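Beneath this line is the structure, given in structure tokens, with notes to follow.
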Amino acid sequence: MNNKFWKIIFSVVILFFVLNVTGQRINNVRNAAMRGDVDSQYNLGYYYYLGSGVTKNLTQAVFWWRRAANHGNIRAQFNLGNCYFTGEGVSIDFEQAAYWWRRAAVRGHLFAQYNLGLCYYNGNGVTQDLDQTVYWWRLAASSGFPKAQFNLGRCYHSGEGVDTDLSLAVFWWQLAAEQEHTGAQSHLGLSYYSGSGIPRNFNMAVFWWRKAATQGDASAQFYLGNSYYNGEGIDKNVMQALYWWRLAAENGDERAQLSLDNHFEDEKSLKNRYLSNFGLVIASITILSVIFILIYTLGNAQLMRQRYSKRHR
């Protein structure tokens, strides 16, 4: 009983100490933010955004991030763009989102460059401009941002904002795939399978599809199932094909569900044909047996008549 009591007292003391230290830290950050310290303004906004040490308040988060962003804090500029895009703490305003992302993007913020490219691609807050899309995605991709590398590869594959170049599409997908971008891995597998922009290689197609499939990419799961079903780049294994098709179907790939339906329909048809053929064989055997019995019976009857005739001559 005494041990339990002292454990409770100890826990209360620790909790009080932690809260006191956290409260003191927040007060120090707040005081520094009010004095104009830009990093403290960003941090205070982050505390309000997360509800860390203070009551969560998105309006206050935006207030402090705006102050930091106006003083050039690149992280605050990016986060403020996010808030305007999603409507957290402010009304949704795509133009303001693009404005703040641009301010962060020109100073090298990779995610801001990627998001600004999306704005130009979809025409959110800016006039749709595929040349600008490629420009910003190329900047982010060249600095190693996998989402930008993947999308830049898609641009080269489809000829959006650039001339179609399947080799460059593969180049950017390869870079993104090596950073575990599942979409890039799946597309790279397709390139190897079809020989688009790279020599055809079923084994490499399976390699990249498996990497994406094990991470839950539905398209890769479907394609991997096809490889197992057809024995392309891997030993034929129908059970494995069905396994990956089921996973893909559960993840929403309609092609996989169709493949499952077709397989079981073919299996049912094959079974019906087998049963039908088996029935024909049984029927044929039965008919032949009846004929044989008739012939045998008639033959015996003829023989008996002959013997009977000989006895009574």
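Just so you know, all these numbers are worked out from the coordinates, no wet-lab data involved. Nothing here was measured: the structure is a model prediction, and the numbers come from that model. Reconstructed Cβ throughout: ideal geometry from the backbone, glycine too, with neighbour counts over all protein chains shown.
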If you plug each phi of the stretch 43-49 into the Karplus form 6.51 cos²θ - 1.76 cosθ + 1.60 with θ = phi - 60°, what whole-Hz ³J(HN,Hα) values come out, in order, with x for Gly and Pro? 5, 5, x, 5, 4, 5, 5
Between the stretch 26-60 and the stretch 191-249, what is the separation of their alpha carbon centroids in Å? 49 Å
Qualifying trypsin sites (Lys or Arg not before Pro) for the stretch 119-227 [loop in DSSP, other Cβ within 10 Å: at most 14]: Arg200
Read phi for every residue in the stretch 147-154 and hand back ³J(HN,Hα) as whole Hz from Karplus 6.51 cos²θ - 1.76 cosθ + 1.60, θ = phi - 60°, with x for Gly and Pro. 4, 5, 4, 4, 5, 5, x, 5
So between Gln179 and Tyr135, what do we pick up on full extension, going 0.36 nm a residue minus the alpha carbon distance? 13.7 nm
Calculated FRET efficiency for the pair Gln215/Phe63, C-beta based, R₀ 45 Å, to 0.05: 0.70
Label Asn201 and Leu166 with points 7 Å out from Cα along Cα→Cβ: what is the distance between them in nm? 1.6 nm
Enumerate the calculated ³J(HN,Hα) couplings along the stretch 108-113 in order (Karplus 6.51 cos²θ - 1.76 cosθ + 1.60, θ = phi - 60°), each rounded to whole Hz, writing x wherever the residue is Gly or Pro. x, 6, 5, 5, 5, 4
Inter-label distance, nm, simple model (7 Å from Cα along the C-beta direction), Asp39/Asn122: 3.4 nm
